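Visitor: Here it is, the structure, as structure tokens.
The values are calculated or read from the model by the stated rules, or taken from the named source; none is laboratory data. Just so it is clear, the structure is predicted and the values come from calculations on it, not from any experiment. Here the Cβ is made from the backbone with ideal geometry for all residues, glycine too, and neighbour counts use every protein chain on show. These accessible areas exclude ligands, DNA and RNA; they are computed on the full protein's heavy atoms, side chains included. Shrake-Rupley method; radii C 1.70, N 1.55, O 1.52, S 1.80 Å.
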Amino acid sequence: MAVPKAVVALTNVKSVMVRFCPFQTNVETTRIFLQHVNSKKARASNTNCVVTTDVRHDGSEPVVDIMFADGDRLIMKGANLTAAEMLSAFNSRCIAKDLKAEEKTKKKGA
């Protein structure tokens, strides 16, 4: 399944942890998400963001655990999601956090 090039920005992200068992059949979308988050362009958007991969051989469900800088957390279970859905959920949360940060700076400046 080909996923269109998605723009991933890690500006408000503290850490991304991707956990999966490579021998499961439902792990492809989680691996595609990992490729997007671990790309040079995404990593350059926030050099302080820690991206870790936990590869297990226990038949566990693929999970993406994202910790944002404000302490908010997004957990996605990749078994029943497409890569496009995962990227869309991640990007919409990041955009909302960017807008909140802009509003705070505008209020402080006004």
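Visitor: Can you tell me the accessible area per residue over segment 5-110, all protein chains present, probe 1.4 angstrom, in square angstrom?
Guide: 62
Visitor: Please say if segment 4-110 is rounded, prolate or oblate, where rounded means a/c under 1.5 for a ≥ b ≥ c the square roots of the C-alpha gyration tensor eigenvalues, and otherwise the choice is prolate for a/b larger than b/c and oblate otherwise?
Guide: Verdict is prolate for segment 4-110.
Visitor: Kindly work out what percent of the DSSP beta bridges joining two residues of the chain are antiparallel, to the nearest 5.
Guide: The answer is about 65 percent antiparallel.
Visitor: Considering only protein heavy atoms and a probe of 1.4 Å, how much of the accessible area of the chain is carbon and sulfur, as a whole percent?
Guide: It is 53 percent, rounded to a whole number.
Visitor: Order the following by accessible area, largest value first: 95, 32. Probe radius 1.4 Å; ligands, DNA and RNA are ignored.
Guide: Putting 95, 32 in descending order of accessible area: 95, 32.
Visitor: Sticking with this one: Report the Cα centroid-to-centroid distance between segment 17-40 and segment 46-101 in angstrom, as an integer.
Guide: 11
Visitor: Further question on the same structure: Under 12 Å from the Cβ of residue 76, count the other residues' Cβ atoms, weight Lys and Arg +1, Asp and Glu -1, and hand me the total.
Guide: Cβ neighbours under 12 Å give a net charge of +1.
Visitor: Of all the stretches in the chain, which is the longest one without any exposed loop site, taking trypsin sites (Lys or Arg not before Pro) in a DSSP loop (any state but H, G, I, E, B) with at most 15 other Cβ atoms within 10 Å?
Guide: No qualifying site falls inside 57-110, the longest such stretch.
Visitor: Further, regarding this structure: Can you pull the one-decimal nm distance between simple spin-label points at residue 31 and residue 54, each 7 Å off the Cα toward Cβ?
Guide: Simple spin-label model gives 2.0 nm for this pair.
Visitor: Using only alpha carbon pairs under 8 Å that are at least six residues apart, calculate the relative contact order of the chain and give it in whole percent.
Guide: 34
Visitor: Something else now. What is the extension gain from residue 103 to residue 89, computed as 0.36 nm multiplied by their sequence separation minus the C-alpha to C-alpha distance, in nm to one decimal?
Guide: The span from residue 103 to residue 89 would gain 2.9 nm if fully extended.
Visitor: Output ³J(HN,Hα) for segment 55-68: one whole-Hz value per residue in order, computed from phi by the Karplus curve 6.51 cos²θ - 1.76 cosθ + 1.60 with θ = phi - 60°, and x for Gly and Pro.
Guide: 8, 10, 10, 10, x, 6, 6, x, 9, 10, 10, 10, 10, 8
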